[in-house]
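Quick notes on the structure that follows.
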Amino acid sequence: MSSNWKSIALTVVMAALASAGGAWLGAGWMMQRHETPGLHEIVHQKLDLTAEQDVRLDEIEARFAVRREALEADVRAANRELAQAIAASQGDSPEVRAAVDHFHDAMGALQKATIAHVFEMRAVLTPEQARIFDREIAGALTQEPR
């Protein structure tokens, strides 16, 4: 193999590894931040909830915890799939691209479910509580990383 082809092959392998590393780091960051930081605290500490609201929100949170665990398991499976595809590949193969797509789909499903969860919780609140909730959520989503 000529040195030009070796350089190209090495570049392709390094690019695939860098891409996988970025996806892995991004997944770790998203998994830590997927449920808006402090959502439980915003609802249960910053809002003056009635006993009925507290019960309803606890039920919503319990249901979502089960759903979230399943979605996070899919994200972890997609990460393993990506790692295996990279290890078995000589570069940006169809298997690597499929694994990246699976990862993106899994992360997207987690994010969509989390947003639906936020709106389900918001529906239990009074207009004044919802205003505070919205402000806190918007602040949490726009805060700079620590």
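Remarks
- Rg then Dmax, both in Å and based on the Cα atoms of the stretch 39-146: 18.4, 59.
- Ordering Met121, Ile86, Ile132 by the projection of their Cα atoms onto the charge dipole of the stretch 84-146, which places +1 on the Cβ of Lys and Arg and -1 on the Cβ of Asp and Glu, puts Ile132 at the extreme positive end.
- Sites Arg131 and Gln90 - FRET efficiency at Förster radius 41 Å, r taken between beta-carbons, to 0.05: 0.15
- Pair Thr142, Arg122: separation of 7 Å Cα→Cβ label points (nm): 1.4
Every number in this text was worked out from the coordinates using simple rules, so none of it is lab data. None of these values were measured; they are calculated from a predicted model. Here the Cβ is made from the backbone with ideal geometry for all residues, glycine too, and neighbour counts use every protein chain on show.
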